[in-house]
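Chemist: Below is the structure I would like to discuss, written out as C-alpha cells.
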Amino acid sequence: MPRFALKYPFFIIMLCLVVAVVGLTTVARMPVDLFPQIKIPVVVVATFYAGMPPEQIEADITDTFERFFTLGSNIDHIESRSLTGVSLIKIYFKPGSDANAALSNIANLAMADLRRLPPGTLPPVVLKFDASSLPVCLVTLKGEGLDETRLKDLAQFRPELVIARGKTAARDGKLLIDLPAAEYPSWSKDTMHLARALTAGDFRLDAQRFGTEAAAHVIGVKENQAPTEHLVMKVPVESGEVRADVRRDIAKLAHLDRHHGSGRVQVGFVHGFGFTEKCAIATTVAHDCHNLLVVGTDDGQMAAAANELAGCGGGQVVVRDGKVLGKAALPVAGLMSDRPASEVAVAAAGVLRGFRECGCALHNPNMQLSLLGLVVIPELRLSDKGLVDVNRFTVIRVLE
C-alpha cells in the first residue's frame with residue numbers, strides 16, 4: 001500500500017478529498033434534535049409493596065417475576081434490584097427486537113403472574129426504557145448552615161410568573177393564555193357504533209331453563225389488585241331471570257361491542273363494588289379492546305348510562321335513580337379528551353365522587369372496572385364473546 005501511494009500520489013490526494021467532501025456533506029445534512037428518539041430494547045418493571053423489606057421483596061416479588069419473564073421471546077438478559085417497598089427489574093432484549101412488541105410481551109406476562117404475588121401488592125408499572133426520556137442534567141444542592149427543611153424548600157423551585165414572547169403565560173401555577181387548538185380527524189370522534197339505543201331488556205339475564213335457583217359464576221373484585229376471584233354463588237330466579245342483588249353485593253356487568261355496530265351484549269355478575277343504590281357506571285376506557293363496559297344494580301340505570309356515553313362519544317359516567325352524578329366525556333376515540341387538563345381533572349373527580357355516592361368504597365374503582373374485560377389476567381373476565389375462565393382459557397356459562 002505505501003508503494004502504491006508513493007507511485008500514485010495524486011490519486012491518493014483525490015481519494016482523500018472525496019472522503020472529506022462526502023463526510024462534510026453528510027454532517028451538514030444530518031438532522032439535529034435536542035431530544036432524539038433513541039430506541040433501546042429494554043423494558044423496566046417496577047412493583048410496589050409499601051413497607052416490605054428488601055429481602056422479602058427479593059423472595060416474594062422479584063424472583064417470582066424474573067422466573068416468569070424468562071418465558072418472553074428474544075430476551076438477552078435480566079437485571080434486578082430489590083429495595084424497601086419496591087422491586088425493579090430490567091429486561092434487556094436482543095438487538096433488533098421491536099421495543100413495542102417487547103413492552104407488550106412483558107406487560108402481558110406481568111399481569112398474568114399477579115396472582116402469584118403477595119396480597120396487597122400493587123399492579124406493576126411496565127415501562128419501555130427510553131434514553132431520550134432520561135434527565136438532561138441533575139442538579140445537586142448543598143447548603144452550608146441550612147437544615148434539611150430549608151434546603152428542601154430551595155430545591156423544590158416553583159416559578160411564580162412565566163413570560164413567553166412578551167406575554168404573561170402563567171402566574172402562581174395558573175395558565176393565563178389559550179393554547180392552540182388541536183385538530184383531530186373526524187373518524188376519531190365517531191367511535192360509538194352501537195346498533196341501537198339500549199333498553200333495560202338488553203341487560204336482562206335469562207334463566208327460563210332453571211327453577212327457583214341457579215349457580216352463577218361471579219367475578220370477584222379484589223381491592224387494589226388486577227387479578228379477580230372466580231366465585232360461584234347461588235342466586236334466586238325470579239320471573240325467568242336473575243337480577244342484581246344489592247344485599248349480597250352482586251351487581252350486573254355488561255360488555256357491549258361499540259366498534260362494529262353488531263349489537264352484541266354480554267351480561268355477567270361481579271362482586272366487590274359494594275353498591276348500595278339503584279345505580280350504574282359505564283366506561284369506554286376498557287382494556288384492551290376498549291369496548292363499552294357497564295356495571296350496575298338496575299337494568300334501566302345500566303341502559304341510561306350506556307346511552308349517555310353513546311351521546312357524548314365515550315368516557316365514564318355514573319347514573320343513580322335516572323340522574324347523572326358524574327361524567328367525564330372522552331370524545332377522542334372514547335379514550336381522550338380535547339378539553340384542558342383542569343376541566344378533565346374536575347370531571348374525573350366527579351366520577352369518583354359518584355362511585356362513592358353509590359356506596360362503592362374501593363380505592364380506585366374506575367381502574368378496577370376498566371380491567372374487567374382484560375382476558376389475559378386471571379381468574380374470571382367478561383369479554384365480548386362471553387364469560388372467560390382465564391385459568392382454563394375457555395368461555396363458560398354465567399349460570400349453571
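The values are calculated or read from the model by the stated rules, or taken from the named source; none is laboratory data. These figures come from a predicted structure and were not determined experimentally. Counting neighbours? That spans all protein chains shown, and the Cβs are built from the backbone with ideal geometry, glycine included.
Chemist: If you take the residues in region 72-130 that are of a type in the set (K, R) and more than 23 Å from L372 (Cβ to Cβ), which one is modelled with the lowest pLDDT? Give the steps one after another, and end with the answer.
Modeler: Let us first name the residues in region 72-130 that are of a type in the set (K, R), namely 81, 90, 94, 115-116, 128.
So of that shortlist, the ones also more than 23 Å from L372 (Cβ to Cβ) come out as 81, 90, 94, 128.
Working: R81: 91, K90: 92, K94: 87, K128: 82.
This residue is K128.
Chemist: Quick one: what pairs do we get from region 232-256, first residue assigned by TED's automatic domain parsing to the domain that holds A215 and touching a residue at least 40 places away in the same chain (Cβ under 8 Å), second of a type in the set (V, I, T) and in a loop (DSSP other than H, G, I, E, B), C-beta under 8 Å, 6+ apart or different chains?
Modeler: A244/T297; V246/T276; V246/T297; A251/T297; K252/T297
Chemist: Also: If a residue counts only when it is in the same structural domain as F129 (by TED's automatic domain parsing), in contact with a Lys or Arg (Cβ under 8 Å, 6 or more places away or on another chain) and exposed (fewer than 13 other Cβ atoms within 10 Å of the Cβ), which strands (runs of 3 or more DSSP E) contained entirely in region 1-117 have at least 2 such residues?
Modeler: Numbers: elements: 42-48, 75-83, 86-93.
The qualifying strands (runs of 3 or more DSSP E) are 75-83.
Chemist: Has region 359-377 got at least one residue that is of a type in the set (S, T, Y) and either within 30 Å of R209 (Cβ to Cβ) or touching a helix residue (DSSP H, G or I) at 6+ places or on another chain (Cβ under 6 Å) (or both)?
Modeler: Scanning region 359-377 turns up no residue that is of a type in the set (S, T, Y) and either within 30 Å of R209 (Cβ to Cβ) or touching a helix residue (DSSP H, G or I) at 6+ places or on another chain (Cβ under 6 Å) (or both).
Chemist: Okay, moving on. Taking region 316-335, which residues are farther than 11 Å from T191 by Cβ and not β-branched (V, I, T)? Break it down stepwise before answering.
Modeler: Step one: filter region 316-335 for residues farther than 11 Å from T191 by Cβ, giving 316-329.
Within region 316-335, Q316, R320, D321, G322, K323, L325, G326, K327, A328, A329 meet the criteria.
Chemist: How about region 373-400: which of its residues are outside any strand (DSSP E or B), exposed (fewer than 13 other Cβ atoms within 10 Å of the Cβ) and of a type outside the set (F, W, Y)? If you could, list the steps in order and put the result at the bottom.
Modeler: Taking region 373-400 first, the residues outside any strand (DSSP E or B) are 373-379, 384-385, 390-393, 397-398, 400.
Okay, now just the ones that are also exposed (fewer than 13 other Cβ atoms within 10 Å of the Cβ), so 385, 391-393, 397, 400.
Matches in region 373-400: K385, N391, R392, R397, E400.
Chemist: Here is a further query. Does any residue of region 288-297 turn out to be surrounded by 24 or more Cβ atoms within 10 Å (Cβ to Cβ), under 17 Å from the mean Cα position of the chain (by Cα) and either under 14 Å from L352 (Cα atoms) or not charged (D, E, K, R) (or both)?
Modeler: Restricting attention to region 288-297, the residues satisfying the condition of being surrounded by 24 or more Cβ atoms within 10 Å (Cβ to Cβ) are 292-297.
This time we only want the ones that are under 17 Å from the mean Cα position of the chain (by Cα), so: 292-293.
Next cut, either under 14 Å from L352 (Cα atoms) or not charged (D, E, K, R) (or both) only: 292-293.
For region 288-297, residues surrounded by 24 or more Cβ atoms within 10 Å (Cβ to Cβ), under 17 Å from the mean Cα position of the chain (by Cα) and either under 14 Å from L352 (Cα atoms) or not charged (D, E, K, R) (or both): present.
Chemist: Please list, ordered by first then second residue, the pairs with beta carbon atoms under 9 Å, 6 or more apart or interchain, first in region 102-121 and without any contact (Cβ under 8 Å) to a residue 12 or more places away in the chain, second among the basic types (K, R) and surrounded by fewer than 20 Cβ atoms within 10 Å (Cβ to Cβ).
Modeler: Hits for this filter: zero, empty list.
Chemist: If you go through region 202-260, how many residues are surrounded by fewer than 22 Cβ atoms within 10 Å (Cβ to Cβ), touching a strand residue (DSSP E or B) at 6+ places or on another chain (Cβ under 7 Å) and among the basic types (K, R)?
Modeler: Looking only at that region, the number is 3.
Chemist: What's the total number of residues in region 183-201 that are polar (S, T, N, Q), surrounded by 12 or more Cβ atoms within 10 Å (Cβ to Cβ) and over 16 Å from H259 (Cβ atoms)?
Modeler: Initial filter on region 183-201 (polar (S, T, N, Q)): 186, 188, 191, 199.
Going one step further and asking which of them are surrounded by 12 or more Cβ atoms within 10 Å (Cβ to Cβ), we end up with 188, 191, 199.
Then drop every residue that is not over 16 Å from H259 (Cβ atoms), which leaves 199.
Total meeting the criteria: 1.
Chemist: What are the residues in region 327-350 that are touching a residue at least 60 places away in the same chain (Cβ under 8 Å) and touching a helix residue (DSSP H, G or I) at 6+ places or on another chain (Cβ under 7 Å), if any?
Modeler: Correct list: P331, V332, A333.
Chemist: Looking only at region 322-343, which residues are of a type in the set (D, E) and out of contact with any strand residue (DSSP E or B) (no Cβ under 9 Å at 6 or more places or on another chain)? First the steps, then the outcome.
Modeler: Of the residues in region 322-343, the ones of a type in the set (D, E) are 338, 343.
Passing the criteria: only E343.
Chemist: Scan R258, R264, R209 and give me the residue that is out of contact with any Pro (no Cβ under 9 Å at 6 or more places or on another chain), more than 19 Å from D384 (Cβ to Cβ) and of a type in the set (D, E, K, R). Give the derivation first.
Modeler: Details: R258 fails: more than 19 Å from D384 (Cβ to Cβ); R264 fails: more than 19 Å from D384 (Cβ to Cβ).
Step by step, each of R258, R264, R209 is checked, and only R209 is out of contact with any Pro (no Cβ under 9 Å at 6 or more places or on another chain), more than 19 Å from D384 (Cβ to Cβ) and of a type in the set (D, E, K, R).
Chemist: Next question. Looking at this structure, is I163 part of a loop (DSSP other than H, G, I, E, B), modelled with pLDDT under 95 and either out of contact with any Leu (no Cβ under 6 Å at 6 or more places or on another chain) or not assigned by TED's automatic domain parsing to the domain that holds P331 (or both)? Walk me through how you get there before you give the answer.
Modeler: Numbers: part of a loop (DSSP other than H, G, I, E, B): no; modelled with pLDDT under 95: yes; either out of contact with any Leu (no Cβ under 6 Å at 6 or more places or on another chain) or not assigned by TED's automatic domain parsing to the domain that holds P331 (or both): yes.
When the stated conditions are applied, I163 does not pass them.
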